[in-house]
Amino acid sequence: MPYQSPISPGRSWYEDTAGPRPEYPALDGDRTCDVVIIGGGFTGLSAAAHLAKAGTNVVLIDAYRFGDGASGRNGGQLGTGQRAWAEDLESEYGLARAKALFDLAEEAKAHLLEFTAANQIDIDYMPGQLSVAHKARYVDDYKAHAEIMASRFSYPHISFMDARETAERLGSTAYFGGTRDTGTGHIHPMKLLTGTARVAALAGAQLFEGTSSTGIISTGGKVKVSTPRGTVTAQKCLIAVNAYGGTLEPVSAAHIMPIGSFIGATVPLGADSNVLPGGEAVDDSRFVVRYFRRSKDGRLLFGGREVYGVNDPKDIHIHIRRQIAELYPALGDVEITHGWGGYVGITVPRKPFVREVMPNVISAGGYSGHGVMLSNFFGKLYAEMVAGNRDRLKLIEDLKIPPFPGGRRFRTPLLFLALNWFALRDRI
């Protein structure tokens, strides 16, 4: 029987095309180390790799298999900058700090490509990203954004597209304009994840799957992470579970909310298809964003977030095919070979959450759909912090991230209502 993640519905196309996916043992017995990491996604495995390469004794545990969460099941788009546009950060923090945050994200992009090249990880990188407006009144904002990025943030790779160019590059007339970014691209996330785990293991990190954390205690300068079959005692702890934290740690839970995100993969469309002839990835201006791209073998990978629960992969196929048909009517009956879902960790302002949530315990997450690039780099920044340089991580720690309103009891229904409201706004 094919492997099915116990925490995310549907087997992904990534799982079937990533190549060998090594299994790691469960923790059995107590361990003592310098750093214990909870979570085997991009953040945790990147931190483990960089720490181990620097000679740090590191233990990483994950409740399931590496890649069962968002890191192995996402849209694969890198993006540029932070989740918020640079000019929006400028209006909140001023130009100097906004530029520092943008430059940090650009370094994150370069780091990911350099890390994979240096460690011979094939991530199926394909260049280009189109960001498109689903309402005509948004087009002027995209035009201004391209000009601002070149003039104030020294990023010349974004150009404005009018409606005709947008239609030509998409193969669809459903959008009114947008931007084209030639300085970024999209990847196969599961290949990146399994490759990063391999690098961490070869560097000496102790990696354990099928090992959940049942509690965290920080006292007397030590952190103790309990598991069903042993306790890990360390000097420091990184919580890198993002949307899958549950009740593990209350501060993170108050600031990071999981929302469902679902993706479908079609059969290969063929070389003569007019869908995304340039091979770029796409994200649109909806609050409940649609994101899609062509894979290296010509499939359309199409994602969209929904506010209702989806547990049956067959339902994912139905909803994704409907959304595809709205943009590409000729694909209304296209065969979808894979439909899968998972959870994205979001914060109220859509900025990443990094905090010291108890002594010597840092939590990182809330990438809000921009995590492929940022989360890997945050793992590196955490390793820098352990080595004594906290300056760059502090740029993220100092971001204003309020908790979700409503407390533990009411925040989920309040978010449900808010997402329904924004989904309605997207349609009118």
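The values are calculated or read from the model by the stated rules, or taken from the named source; none is laboratory data. Keep in mind the model is a prediction, meaning the values are calculated, not measured. Note that we place each Cβ from the backbone using ideal geometry, even for glycine, and neighbour counts take in every protein chain shown.
For a quick check of your reading of the model, give me the residue pairs whose first member lies in segment 14-30 and is under 20 Å from Ser212 (Cα atoms), whose second is of a type in the set (Lys, Arg) and outside any loop (DSSP other than H, G, I, E, B), with beta-carbon atoms closer than 8 Å and at least 6 apart or on different chains.
Pro22/Arg198
Report, by residue number, each residue of segment 8-32 that is more than 22 Å from the chain's Cα centre (by Cα) and buried (at least 21 other Cβ atoms within 10 Å of the Cβ).
Leu27
Assess whether Arg31 counts as being more than 25 Å from Glu356 (Cα to Cα) and either of a type in the set (Lys, Arg) or touching a Cys at 6+ places or on another chain (Cβ under 6 Å) (or both).
Taking the combined requirement at face value, the residue does not satisfy it.
Can you say whether Leu301 is over 30 Å from Asn57 (Cα atoms), crowded, with 22+ Cβ neighbours inside 10 Å and either at pLDDT below 95 or in contact with a strand residue (DSSP E or B) (Cβ under 6 Å, 6 or more places away or on another chain) (or both), as far as the supplied structure shows?
Answer is yes for this residue.
Could you go through segment 194-206 and let me know if any residue there is surrounded by 23 or more Cβ atoms within 10 Å (Cβ to Cβ), at pLDDT 95 or above and not in a helix (DSSP H, G or I).
yes
So, in segment 324-340, how many residues would count as being assigned to a strand (DSSP E or B) and of a type in the set (Ser, Thr, Tyr)?
Counting residues in segment 324-340 that are assigned to a strand (DSSP E or B) and of a type in the set (Ser, Thr, Tyr) gives 1.
Could you please find all residues in segment 102-151 being among the charged types (D, E, K, R), over 30 Å from Gly19 (Cα atoms) and either in a strand (DSSP E or B) or in contact with a strand residue (DSSP E or B) (Cβ under 7 Å, 6 or more places away or on another chain) (or both)?
Passing the criteria: only Lys143.
For the subset of segment 372-399 comprising residues that are among the charged types (D, E, K, R) and assigned to a loop (DSSP other than H, G, I, E, B), which member is surrounded by the most Cβ atoms within 10 Å (Cβ to Cβ)?
So, considering only residues that are among the charged types (D, E, K, R) and assigned to a loop (DSSP other than H, G, I, E, B), the one surrounded by the most Cβ atoms within 10 Å (Cβ to Cβ) is Arg390.
Could you list all residues from segment 210-250 that are in a strand (DSSP E or B) and under 25 Å from His370 (Cβ atoms)?
Cys237, Leu238, Ile239
Of the conditions (1) crowded, with 18+ Cβ neighbours inside 10 Å; (2) touching a helix residue (DSSP H, G or I) at 6+ places or on another chain (Cβ under 7 Å); (3) at pLDDT 95 or above, Gly345 fails just one. Which one is it?
The single condition Gly345 does not satisfy is (3).
For segment 64-74, enumerate the residues that are surrounded by fewer than 24 Cβ atoms within 10 Å (Cβ to Cβ) and either of a type outside the set (D, E, K, R) or part of a helix (DSSP H, G or I) (or both).
Tyr64
Report whether or not Gly185 is at pLDDT 95 or above and more than 16 Å from Asp62 (Cβ to Cβ).
Against the criterion (at pLDDT 95 or above and more than 16 Å from Asp62 (Cβ to Cβ)), Gly185 qualifies.
Scan segment 153-170 for residues that are surrounded by fewer than 20 Cβ atoms within 10 Å (Cβ to Cβ) and touching a helix residue (DSSP H, G or I) at 6+ places or on another chain (Cβ under 9 Å) and report the count.
8
Kindly indicate whether any position in segment 355-371 is in contact with a helix residue (DSSP H, G or I) (Cβ under 8 Å, 6 or more places away or on another chain), in a loop (DSSP other than H, G, I, E, B) and at positive phi.
The answer is yes; a qualifying residue exists.
Looking at Ala253, Ala271, which is the one that is modelled with pLDDT under 95, assigned to a loop (DSSP other than H, G, I, E, B) and either hydrophobic (A, V, I, L, M, F, W, C) or at positive phi (or both)?
Result: Ala271 is the single residue among Ala253, Ala271 that is modelled with pLDDT under 95, assigned to a loop (DSSP other than H, G, I, E, B) and either hydrophobic (A, V, I, L, M, F, W, C) or at positive phi (or both).
If I filter segment 94-101 for residues that are surrounded by fewer than 21 Cβ atoms within 10 Å (Cβ to Cβ), of a type in the set (D, E, K, R) and not in a helix (DSSP H, G or I), do I get at least one hit?
no
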